[in-house]
Amino acid sequence: MAMQVKRFFAADMRQAMNRVKEELGADAAILSTRRLAGGVELTAALDYSAQPLPARANPELEAELRKTSQKILSAKTDFEQRAQIAAGGRDRQLLDSVLEHTAEVARLRPDENPAQSRSAADQQELAQMRSELMGLRELIELQMGNMGWQGLRQQQPGQAALWRKLQQMGLPADVISSLMKKIPQDLQPRQAWKMVLALLARSVQTPKDEPVMQGGVIALVGPAGMGKTTTLAKLAARYVLEHGAQNIAIVSMDSYRIGAQEQLKTLGRILNVPVSHVEAGQSLEQALLPLAKKRIVLVDTAGLPASDPQLTLQLDNLTSRKLPIRNYLVLAATSQAQVLKAAWHAYKRCGLAGCIITKLDEAVSMGEVLGMAIGQGLAVAYTTDGPKIPDDIQVSRSHQLVSRAVRMQNPDEPGEEVMAELYAGVCQKARHVV
C-alpha cells in the first residue's frame, strides 16, 4: 500500500491531532511539527516506515535530533502496548527522559555550538529544528495526558467522575490534582463528593476579621475593567453605614480616567466623605499626611498595563515602608485564567494582602478565579455580585464561596478530549516539579 502523506493546519496541537485521527486514523505517524503564525503545522503519514534522516549542515544538533526521534518512537510503542499510564513507573521515566532531552536541545543557542562561524541559513535551520523539537514535546505531553485520563477512567471510575465534576466548576488542573490526592479511592460517590468540597473549602483562605473594619490604609489594585472604583464605593458606603463618615477618607491615584474621578467626587458628596487626589509629582505618602487622623483611608488606583512605566511608579508608592498599606488585588470572575494570572504577576510586587472577587453576577463560573486565589495563596476578602451600593458586596466565607461555585457549575458534562487536555496539564506540571 502506498504511503499517504498529508499536512494539517490548526490553531493548536490538540486540534491538529484530532484532524489527523479523523482523516488518517489512529495508526498515522507524525513526521514533523512546526509552529506558524496563528497555529501549528503538522505533517502525518499512513503506512509510514522510518527512513534515515538526511544529512544537515549542523551535525551536532542532527545527532541530538536523531537520538530524540528514536526515543520518541520507543516511547510511542511502549504507550500503545501498555495503554495505561497508571500501570507502572516506566512510562513516567521514559517520558521524562524524552522531554528532558528535547528541552536540553531546544535550549541550545547558536553561540553554544563549537563551530566558529554559522551562516544565516544554518541559523534558520537551527530555529526550525528547535521549533520541531518543541512541537514534539507538546505532542508527547498531549499523548501522555490522553493515556493518563483513559487509564484513570477505566481503573478508577469514581475518581474520574470527581475529576469531571471539578472540571465543570472551572477549577484548574493543579488544584483538582491536589484535591484528588487526598480522596481515598474506596469512598462512596456521595461521600467522596462531600469530602472533596470540604477540602476545597479548606484550601480557600479568607480573613478572620473584615479588612475595612480593621482600619488603616487599604488600596485596591488591578488591571482596568476589574471593578476597582465601584468596589471602593461599596466599601466606603459599607463603612459609613456602620461607623459614620467622620473617620474615613478616599484618595485617588487614578489621574487617567476623568469618569473615575467624577464618580468618586459624587460618592464623597453623597457620603459626606473627603476625596483627594495624588497630584502630578506628589507621592502617596504626601497625599496621606493630612489624613493621618482618619481611622480608615481607601485608595483607588489606576488600572495600568503591565508594560506601562507608570505602573512601576504606582507600585513603588504602594510599597513604601513608611506607609502600612494593605493592597488588595481586584479580580473579575468574568476574566479568563490567563488574564487573572497576568494580573497577579503584574501586581504581586507591591505585596498583596489578599484579593477581592468582582462581577460574580456576570460570570458563568468562578472556578478560574477561585483556583487563582488558591494557587497563589491569596485570601479572598470580599465578593461583589451586582451594581447596588453597598448591598452587592459580601465578606467572604470559604464554605459560601465553594457553595456558590457549585451552583455556578457548568451543566454540560465535558467530553473526553477536554478531560484528556486537562490531564495533560497535570502531567506537564508534575514533570516540572520533579
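Within the stretch 250-258, does at least one residue satisfy the condition of being modelled with pLDDT under 90, part of a loop (DSSP other than H, G, I, E, B) and not assigned by TED's automatic domain parsing to the domain that holds Leu340? Among the residues of the stretch 250-258, not one is modelled with pLDDT under 90, part of a loop (DSSP other than H, G, I, E, B) and not assigned by TED's automatic domain parsing to the domain that holds Leu340, which makes the answer no.
How many of the residues making up the stretch 316-349 are surrounded by 20 or more Cβ atoms within 10 Å (Cβ to Cβ) and not in a strand (DSSP E or B)? Count: 9.
For the stretch 270-291, the criterion of being assigned by TED's automatic domain parsing to the domain that holds Gly386, touching a helix residue (DSSP H, G or I) at 6+ places or on another chain (Cβ under 6 Å) and part of a helix (DSSP H, G or I) is met by at least one residue. How about the stretch 351-362: which of its residues are buried (at least 20 other Cβ atoms within 10 Å of the Cβ) and either part of a helix (DSSP H, G or I) or among the β-branched types (Val, Ile, Thr) (or both)? Result: Ile356, Ile357, Thr358, Leu360.
Yes or no, residue by residue, for (1) at pLDDT 90 or above; (2) crowded, with 19+ Cβ neighbours inside 10 Å:
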| position | (1), (2) |
| --- | --- |
| Val175 | yes, yes |
| Met180 | no, yes |
| Pro184 | no, no |
| Met195 | yes, no |
| Gly216 | yes, no |
| Leu220 | yes, yes |
| Pro223 | yes, yes |
| Lys228 | yes, yes |
| Lys234 | yes, yes |
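Residues Asp174, Asp186: which one is in a loop (DSSP other than H, G, I, E, B), of a type outside the set (Phe, Trp, Tyr) and farther than 19 Å from Arg404 by Cβ? Just one listed residue meets the conditions, Asp186. The residue list Ala201, Ala192 contains one member that is assigned to a helix (DSSP H, G or I) and over 23 Å from Arg397 (Cβ atoms), which is Ala192.
The values are calculated or read from the model by the stated rules, or taken from the named source; none is laboratory data. Here the structure is a predicted model, which means the values were calculated and not measured. As a convention, Cβ positions derive from the backbone with ideal geometry for all residues, glycine included, and neighbour counts pool all protein chains shown.
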